[in-house]
Amino acid sequence: EAGVTQSPTHLIKTRGQQATLRCSPISGHTSVYWYQQALGLGLQFLLWYDEGEERNRGNFPPRFSGRQFPNYSSELNVNALELEDSALYLCASRPRGSYNSPLHFGNGTRLTVT
Amino acid sequence: SQQGEEDPQALSIQEGENATMNCSYKTSINNLQWYRQNSGRGLVHLILIRSNEREKHSGRLRVTLDTSKKSSSLLITASRAADTASYFCAPDFSGNTPLVFGKGTRLSVIA
């Protein structure tokens, strides 16, 4: 089966611009999670979508937002980019209702803000 | 905080030696999961151990769970250079909370 795919793999933006990151979960997976991994820090939980709805949100400002589409793919939008938004953004998915199951991760989008 | 805390932060060993990483958490769990991350890549799931299990094996990996001490350990036996990576634990508390990760243990296996 195809794994979780993320695009683009690399993204370079200027401070103040907007970035859009995309994630396609494994077929049949309805839950999508977004994480930020900045240099020297662990994974910080950003957003969780399930069946098109936002289920939980991490401690990030409102300029981080996203959505999940009817086909369960997801988008992460970051507005008014700041230098400290430079990080690896990881998307993960897992099947509907199977909370006691592993997450499947994509290989991430490396966002660089200059 | 509902994340696990890995210890040590960094570990360097020779090829063939065993590597042990520890994880502590603070509240009751449904299960605890271990993941590996190679540099700049996504996380890969290694093992899930349920709260009613005490030990689990997968190949060269052995995971133990002590719910009374709220701790888990990951043992990699006969390590190889390819085991060089960061290892994360993720306590799974309930179906309504997302997995939260700590900073991980950076393992370096020297050939």
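Taking Cβ atoms as reference points and 13 Å as the exclusive limit, the residues near A:Asp85 contribute a net charge of +2, counting Lys and Arg as +1 and Asp and Glu as -1.
With N the number of residues in the protein assembly as shown, Rg(Cα) / (2.2 N^0.38 Å) evaluates to 1.01. I'd like the FRET efficiency for A:Phe69 and A:Ile12, computed as 1/(1 + (r/R0)^6) with the beta carbon distance as r and R0 of 25 Å, rounded to 0.05. E between A:Phe69 and A:Ile12, to the nearest 0.05, is 0.45.
Look at the stretch B:28-36: the mean tally of other chain Cβ atoms within 10 Å of its residues' Cβ atoms is 2.
Using a Gaussian network model of chain B in which every pair of alpha carbons under 10 angstrom is joined by a spring, one finds that among B:Thr97, B:Thr77, B:Thr20 the greatest mean-square fluctuation is at B:Thr97. The mean count of C-beta atoms from other chains within 10 Å of the C-beta of residues in A:100-110, rounded to a whole number, is 6. In the protein assembly as shown, the portion of solvent-accessible area held by carbon and sulfur atoms comes to 46 percent [1.4 Å probe, whole percent, DNA, RNA and ligands not counted]. Local charge for B:Gln14 was computed over the other residues whose Cβ lies under 13 Å away, with Lys and Arg +1 and Asp and Glu -1, and equals -2.
Would you look at the GNM of chain A, springs on alpha carbons closer than 10 Å, and say which of A:Leu81, A:Leu39, A:Leu90 moves the most? Comparing A:Leu81, A:Leu39, A:Leu90 in the GNM, the peak value goes to A:Leu39.
Buried area at the A:B interface is about 1700 square angstrom, summed over both chains, from accessible surfaces computed with a 1.4 angstrom probe.
Ranked by the mean number of other Cβ atoms within 10 Å per residue, highest first, peptides A:101-109, B:42-50, B:9-17, B:59-67 order as A:101-109, B:42-50, B:59-67, B:9-17. Within the straight-line cut-off of under 23 Å between alpha carbons, the lysines reachable from B:Lys26 are B:Lys56, B:Lys69, B:Lys70, B:Lys103, sequence neighbours fewer than 8 places apart in one chain being disregarded.
How big, in percent, is the set of alpha carbon pairs in chain A lying more than 21 Å apart? Percent of Cα pairs beyond 21 Å in chain A: 30. Dipole magnitude for chain A: about 120 debye, using +1 per Lys or Arg Cβ and -1 per Asp or Glu Cβ, origin at the Cα centre.
Would you please give the FRET efficiency between A:Glu54 and B:Glu17, computed as 1/(1 + (r/R0)^6) with r the Cβ-Cβ distance and R0 = 45 Å, to the nearest 0.05? It comes out at approximately 0.50. Summing charges over all other residues whose Cβ lies under 11 Å from the Cβ of B:Ser24, with Lys and Arg as +1 and Asp and Glu as -1, gives -1. Computed over the alpha-carbon pairs of the stretch A:53-110, the distance histogram in 10 Å steps reads 17, 51, 28, 4 percent, short to long. The mean accessible area for residues of the stretch B:5-110, using a 1.4 Å probe and ignoring ligands and nucleic acids, is 46 Å² per residue. Coordinate range of the alpha-carbon atoms in the stretch B:5-110 per principal axis, descending: 39, 27, 21 Å.
The values are calculated or read from the model by the stated rules, or taken from the named source; none is laboratory data. Note that the structure is a prediction, hence the values are computed from the model and not measured. Virtual Cβ from ideal backbone geometry, glycine too; neighbours counted across all protein chains shown. The area values use the complete protein model at the heavy-atom level, side chains included, leaving out ligands, DNA and RNA. Shrake-Rupley method; radii C 1.70, N 1.55, O 1.52, S 1.80 Å.
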